[in-house]
Amino acid sequence: MATSLPNLEEAHRVHTDTTTYDIDAVRRDFPLLAQAGPDGRPLAYLDNAASAQKPRQVLDALQAFYTRDYANIHRGVHSLSQRATDAYDDARERVRAFLNAREAAECVFTRGSTEGVNLVASSYARPRLKPGANIVLTRMEHHANIVPWQLVMVGTGAELRVADVDSRGVLDVEGMIGLIDENTVIVSFVHVSNALGTINPAKQIIAAAH
Ligand SMILES: Cc1ncc(COP(=O)(O)O)c(C=O)c1O
């Protein structure tokens with residue numbers, strides 16, 4: 001695809017390194033933020049987990065793709081199909097590199113997190129949910145990360161374990177790690193809560209789960 005896409009590794013470095021974090025540069029990537037909020041001040045948008053705003057690079061790439069390259073992928077031999085296939089494969093490879101996954105085939109695109117969690121619940125978890133098995137969540141999860149697990153457990157005899165959050169909105173990490181045992185099938189938790197602002201120690205919890 002002719003549109004230049006952002007370098008994801010560089011974007012990730014800039015956006016996570018607080019010493020070089022340039023909020024105005026980040027804001028300029030989002031055309032929607034160039035408007036005032038209801039109080040007349042620059043619009044602040046914090047509801048990304050519900051509906052993420054798209055940076056100009058994404059808007060431009062979509063516009064270019066739909067106006068120039070859109071076609072079936074991995075089937076047609078005509079030029080549009082080949083360009084669409086290249087763009088599709090390139091996007092998958094960029095996401096693989098960004099996530100540090102072994103193969104692009106490990107990266108499954110869904111329309112949102114509820115669909116993604118339901119897919120993991122029904123494909124990976126369901127066959128493993130036997131009496132005595134458990135799934136560990138936290139009390140700060142959105143319904144998208146609660147209801148799919150509740151549904152998939154019905155009639156299996158497995159147990160849902162929920163780690164506590166204190167009155168400041170801080171996760172009881174030690175308590176959560178204590179809920180994980182050899183019968184845990186999945187540990188599923190929000191990294192940064194969009195309701196509380198809490199940043200959970202993902203590395204520590206993932207290490208305990210593994
Ligand atoms: C924190 C959080 N997680 C998950 C979801 C569900 O996301 P999706 O619409 O991608 O399924 C929402 C939607 O509002 C949300 O606010």
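The numbers here are math on the coordinates, done by the rules we state, and not lab data. These figures come from a predicted structure and were not determined experimentally. FYI the Cβ positions are ideal-geometry reconstructions off the backbone, even for glycines, and counts take in every protein chain you see.
The figures follow:
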item: Cut-off of 10 Å, at most 16 other beta carbons, DSSP loop: longest stretch of the chain lacking such trypsin sites (Lys or Arg not before Pro); result: 1-74
item: Spherically averaged projected area of the chain from its Cα convex hull (nm²); result: 15.4 nm²
item: Student exercise, the chain dipole from Lys, Arg, Asp, Glu Cβ charges, in Debye to nearest 20; result: 500 debye
item: MRE, 222 nm, helices only [DSSP H, n ≥ 4, -39500 (n - 2.57), over the chain, to nearest 500]; result: -10000 deg cm²/dmol
item: Charged-residue dipole, Cβ positions (Lys, Arg, Asp, Glu), the stretch 44-143 about Cα centre, Debye nearest 20; result: 280 debye
item: Three-way shape call for the stretch 33-146 based on the alpha-carbon gyration tensor, with the a/c threshold at 1.5; result: oblate
item: Rg/Rh for the stretch 16-80, where both radii come from Cα atoms and Rh is the Kirkwood radius; result: 1.16
item: Contour excess over end-to-end distance, with Cα ends at A105 and K203 and 0.36 nm allotted per residue; result: 32.9 nm
item: Volume of the Cα convex hull of the stretch 111-210, divided per residue and given in Å³; result: 97 Å³
item: Relative contact order %, the stretch 41-174, counting alpha carbon pairs below 8 Å whose residues are six or more apart; result: 14 percent
item: Cut-off 15 Å, label 7 Å out along Cα→Cβ of D181, residues of the stretch 124-150 by amide N; result: 130-136
item: At most 10 other Cβ within 10 Å, DSSP loop - chymotrypsin sites (Phe, Trp or Tyr not before Pro), the stretch 81-189; result: F109
item: Alpha-carbon centroid distance for the pair the stretch 60-84 / the stretch 156-210, whole angstrom; result: 42 Å
